Amino acid sequence: MLNQLTIRNYVLVDQLDITFDAGLTGITGESGAGKSILLGALGLLMGDRAKADSVRPGADKADISAEFALRPESVLHQRLTADELIDAEDEYCLVRRVVTTEGRSRAFINNVPVTLGYLKDASEHLVDIQDQNQHQRLTDRHVQRDMLDEFAESKALAAQVAELWHSWRHSVQEIQRLQQLIATQEDRKTLLSYQLEEFAALDVAQGELATLEAEHKRLAQAQTILGQLSQVQNSLEQLDDVRQATKIIESIDDRHTALEAGVETLNSALALIDDAVRDLRHYEDQVVVDPQALADTQARLEQIYDLARKHKIQPERLSEHAEALQAEFDAIASDRSTLESLTEAEQKQREAYVAKGKKLSSARRKSAKAFTAAVDQHIHALGIKEGRMSVEFHDTESEFGLEQIEFYVQTNKRFEPGPLNRIASGGEQTRINLAIQIVAAQRSDLPCLILDEADVGVGGTTADTVGRILRGLAEHTQVICVTHAPQVAARSHNHMSVTKQGAQTQITPLSEEQRVEELARMLAGADVTSKTRDYATTLLSEASDIT
């Protein structure tokens, strides 16, 4: 519940400290006194958009903080503990929002900075503000579903359904992933098989490319080579003068070393030339003019070059690339056994989810009748005599079960039922919401509920009924009600008054005597008489008789 609210430099407030107690707290005051400041300050703590005009003129920032009591077993307590914002034994938390004159803001929980989104999520478990234009909870289908589950005492069952849903959907996603993977693998394997067939059909031998290129080069210039060989051979064969000269030198009768060396060199040169002639004649035998062989060699090279271009590699790396493709092909294993096992498990998970979902649906539908019947009683008591609420079930599968739940209302028998926020007027919405809240509170722990003029548009007996209902609701949760109805204010356990002193707004708790005066003012306006004071005293007396 809300224990303490501290406001600094917010709108018309310089400094304001308000302590709240359990039960029903009524807040009253003349129009324009500043009752909306309380709601605005709490709205900022709930994550409302910060505005520069929120800061009191002359100040550099507005600072709003509130202390809330936490239930140790609550979802919020568990989350704050897990996020290390409170200790496990803590029973309180401090929520704070600071807004600058530029409209920038910072949020804190227990003096630890948090994001605005985190603050919003946390505050939903702390405060519920309802006015004629902002029904933050009850028009939300998720909240409606949670209320029905709480009334049906099936929250644990709903949690099991959600867990089964997530397990099942995870398996479905994993199956889709595996199917895509296998399809991709099989597509890749088909492509690799085709590519390997191309390589096998071409059958490029190791070193074949170099041999082909050399052969093609030789065949391409065979005619030129043969002409050059013929010219060279003719030159080499015209060495008779050299041979004759060698014989003359050999006939000189002198054993001089220089002469002998010269003779030996000439003989060696002639022998080498003879060897060269034989080698060239052998090479000449290999060089043939063969247009068909040239065409065949060129065609084979084109095949190799085309395949290399297709795979974007150098021609000399074809054999290496073929080996790499074969290795990748061999490594791909389209194993469907895992997929088959997962598919079988997924079917069982779906069956478990549906079975548990049907059990949850049965509990919801069974409790919906008792829930709506109780709400209808309160709606009628609040003056909407033809009012009726129903729970619509729309079949759909989700983590929340086998249906989507929506509250439908009817305020006039001449019109068809419809969603609460589209059928009822502002005042009707407030009263219908109040009826739903009081019924839901019988079996659930509501957050601190703040109502802005829940009695709008009603008076007399109906206003008294509103006061009685709010007082009954306050037995289960803290209720803070801004009201103009003296009947509601009189039913409050605690009564606060909003006044404006100059440019400053003050909110102060009232004593019994002060309550009488305030109720008399609400009853008679400026003309307070002894009779209105007596009536105010009677209202308080009757309220105190309620157990």
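The values are calculated or read from the model by the stated rules, or taken from the named source; none is laboratory data. Keep in mind that what you see is a predicted model, and the values were worked out from it rather than measured. Don't worry about glycine lacking a Cβ; one is built from the backbone with ideal geometry, like all the others, and counts go over all protein chains shown.
Of all the residues in the range 241-251, those that are surrounded by 11 or more Cβ atoms within 10 Å (Cβ to Cβ), β-branched (V, I, T) and free of Cβ contacts under 8 Å to residues at least 24 places away in the same chain number 1.
With respect to the numbered conditions (1) touching a Leu at 6+ places or on another chain (Cβ under 9 Å); (2) modelled with pLDDT of 90 or more; (3) surrounded by 19 or more Cβ atoms within 10 Å (Cβ to Cβ), which one is the sole condition not fulfilled by V55? Among (1) touching a Leu at 6+ places or on another chain (Cβ under 9 Å); (2) modelled with pLDDT of 90 or more; (3) surrounded by 19 or more Cβ atoms within 10 Å (Cβ to Cβ), V55 violates only (1).
Applying the set (1) within 21 Å of H166 (Cβ to Cβ); (2) of a type outside the set (F, W, Y); (3) part of a strand (DSSP E or B) to M389 leaves exactly one unmet item: (1). Looking only at the range 68-86, filter to residues that are out of contact with any helix residue (DSSP H, G or I) (no Cβ under 7 Å at 6 or more places or on another chain), surrounded by fewer than 16 Cβ atoms within 10 Å (Cβ to Cβ) and not small (G, A, S); which one of those is farthest from P113 (Cα to Cα)? The extreme case among them is E73. The set of residues in the range 87-107 that are part of a loop (DSSP other than H, G, I, E, B) and more than 15 Å from L126 (Cα to Cα) comprises D87, A88, E89, D90, T101, E102, G103, R104.
Within the range 500-545, the set of residues being of a type in the set (G, A, S), part of a loop (DSSP other than H, G, I, E, B) and touching a Ser or Thr at 6+ places or on another chain (Cβ under 6 Å) is empty. Summed over the range 460-477, residues that are more than 16 Å from I384 (Cα to Cα), of a type in the set (A, V, I, L, M, F, W, C) and assigned to a helix (DSSP H, G or I) total 2. Of the residues screened, Q487 is not one that is surrounded by fewer than 18 Cβ atoms within 10 Å (Cβ to Cβ), among the polar types (S, T, N, Q) and part of a helix (DSSP H, G or I).
I'm checking my understanding of the structure. Among residues of the range 189-225 that are farther than 30 Å from S337 by Cβ and β-branched (V, I, T), which one is surrounded by the most Cβ atoms within 10 Å (Cβ to Cβ)? By that ranking, first place goes to V204.
No other residue among L226, L202, L209 is touching a residue at least 24 places away in the same chain (Cβ under 8 Å), in contact with a Pro (Cβ under 6 Å, 6 or more places away or on another chain) and within 30 Å of R300 (Cα to Cα) apart from L209.
Taking D63 and the conditions (1) within 30 Å of A520 (Cβ to Cβ); (2) surrounded by 15 or more Cβ atoms within 10 Å (Cβ to Cβ), which numbered condition does it fall short on, given that it satisfies the others? Condition (1) is where D63 drops out. Residues that are of a type outside the set (A, V, I, L, M, F, W, C) and touching a residue at least 24 places away in the same chain (Cβ under 8 Å) were ranked within the range 287-309; the one that is farthest from Q233 (Cα to Cα) is Q303. A single entry from V99, V112, V127, V75 fulfils the requirement of being among the β-branched types (V, I, T), modelled with pLDDT under 95 and closer than 25 Å to Q429 by Cα: V127. Taking the criterion of being farther than 11 Å from Y353 by Cβ, surrounded by 13 or more Cβ atoms within 10 Å (Cβ to Cβ) and of a type outside the set (A, V, I, L, M), the residues of the range 156-188 that qualify are E174, Q179, Q185, R188. Condition check for K247 on (1) within 30 Å of E320 (Cβ to Cβ); (2) of a type in the set (D, E, K, R); (3) at pLDDT 85 or above: one failure, at (1).
Would a scan of the range 38-50 turn up a residue that is buried (at least 18 other Cβ atoms within 10 Å of the Cβ), at pLDDT 90 or above, over 35 Å from the mean Cα position of the chain (by Cα) and over 12 Å from Q506 (Cα atoms)? No: zero hits. Number of residues in the range 343-375 that are free of Cβ contacts under 8 Å to residues at least 24 places away in the same chain and either touching a strand residue (DSSP E or B) at 6+ places or on another chain (Cβ under 8 Å) or outside any helix (DSSP H, G or I) (or both): the value is 1.
Residues in the range 500-546 that are surrounded by fewer than 14 Cβ atoms within 10 Å (Cβ to Cβ) and of a type in the set (A, V, I, L, M, F, W, C): A503, A526, I546.
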